[in-house]
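All remarks here apply to the structure that follows.
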Amino acid sequence: MHALNKNRPLRRIVLASAATVSGMVLLLSLKPHAGPALAVGSPAPAPTSSSSGASPGTTKAPATGTSTVTGDSVQTRWGPVQVRVTISGGRLTDVTAVTYPTQNPRDQEINGYAIPQLRREALDAQSARIDSVSGATYTSDGYRRSLQSALDSAGL
């Protein structure tokens, strides 16, 4: 005998009600990601300048030939991304993420593994031609664009 037999309307009502309640419980248990309006990175530091005629955001140490340049702040879907590079002897020696999304635990988790990978790639490539980190596409794009602006400002 079929469960939805027309001779047993009460059984059909009970099954339809149970399915509806189960569907509503599943639907209400979904938790959306925080909206982009809530994602705010750490504040960008004030740009520094030097007496050697460098542009704002650039610090030069004339005796060592080392310069530090802060790239543009790039607004991504989840918040701003900004990097600072250190160049010594015409080579990229350090890349630091100054600002990146850290508003919620998911942002912290993603960027906790993405930022070090992006840093390693930039130092290995000695340029902004780096691969995106899987799962951190927006951060990777912002990092790459800010890195390129810093390298452009440094003349590399």
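List of remarks:
- Vicinal HN-Hα couplings computed from phi for region 104-117 (Karplus, 6.51 cos²θ - 1.76 cosθ + 1.60; Hz; Gly/Pro x): 10, x, 5, 4, 5, 5, 4, 6, x, 9, 6, 4, x, 5
- When the residues ASP131, ASP94 are ordered by accessible surface, computed with a 1.4 Å probe over the protein chains alone, the sequence from largest down reads ASP131, ASP94.
- Region 71-156 shape via C-alpha gyration tensor axes, a/c threshold 1.5: prolate
- Linear extension gain, THR137 paired with ARG12, 0.36 nm per residue minus alpha-carbon span: 40.2 nm
- Ordering ARG120, ARG12 by accessible surface, largest first, gives ARG120, ARG12; the 1.4 Å probe counts only protein heavy atoms, with every chain in place.
- Segment ARG77-LEU30, length gained on full extension (0.36 nm per residue, minus Cα span): 14.8 nm
The values are calculated or read from the model by the stated rules, or taken from the named source; none is laboratory data. Since we're looking at a predicted model, the values are computed, not measured. In case anyone asks, the SASA skips ligands and DNA or RNA and just uses the protein heavy atoms, side chains included. Shrake-Rupley method; radii C 1.70, N 1.55, O 1.52, S 1.80 Å.
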